[in-house]
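Visitor: Pasting in a structure now, in structure tokens, and then I'll have a few things to ask.
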Amino acid sequence: MRARSLNIESRTDRLVDAREFVSAAAQELGFGDDDIGKIALAVDEACTNVIKHAYHFDGQQYLTITVEAGKNSIEIRITDSGERFDPRELPAPDMKEYLKKFRKGGLGVYLMKKLMDEVEYQLLPGKKNEVRLVKYLDTRHS
């Protein structure tokens, strides 16, 4: 599979397009339904973070989702030109406190790290942010 990209407006109603785009690619690469669900959810969380935090719900902005096959893996890169984000500044969530207070939101980065095998953030030239998500194909069950 060659790398392919999808540009979408920074709007929550476009998240379904992002999920369908990465799900189709993951299926093509041989991922099972469980992993496809994890990949789609991680991408949804990453895109939601861009919409909310990088673009502050400005639907006139765009983000790009690029999917590429690796050796027994799928790599997804989500790039935007919004406000810079450094996940190292986020404290690890205290799940007991979180659940006790019935909080909503704020677990996107935590969830992505639980769902994917690799999650990396970087600042690219041209003041672009990029989150890179990697999921390895479990070949033990093939």
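Visitor: Taking a 18 Å limit on the Cα-Cα distance, which of the listed pairs Lys38/Lys127; Lys113/Lys135; Lys71/Lys127; Lys38/Lys114 fall beyond it?
Guide: Among Lys38/Lys127; Lys113/Lys135; Lys71/Lys127; Lys38/Lys114, the Cα-Cα distance tops 18 Å for Lys38/Lys127; Lys71/Lys127.
Visitor: Let me ask something else. For a quick check: sort Asp35, Asp17 by the number of other beta carbons within 10 angstrom, fewest at the front.
Guide: Asp17, Asp35
Visitor: Taking amide hydrogens as modeled 1.01 Å from N in the peptide plane, which residues meet the under 5 Å criterion relative to Leu137, leaving out close sequence neighbours?
Guide: Ser73, Ile74
Every read-out reported here was derived from the displayed coordinates using simple, explicitly stated rules and does not represent laboratory data. The model shown is predicted, which means the values in this text are computed figures rather than measured ones. Backbone-built Cβ (ideal geometry, glycine too); neighbour counts: all protein chains shown.
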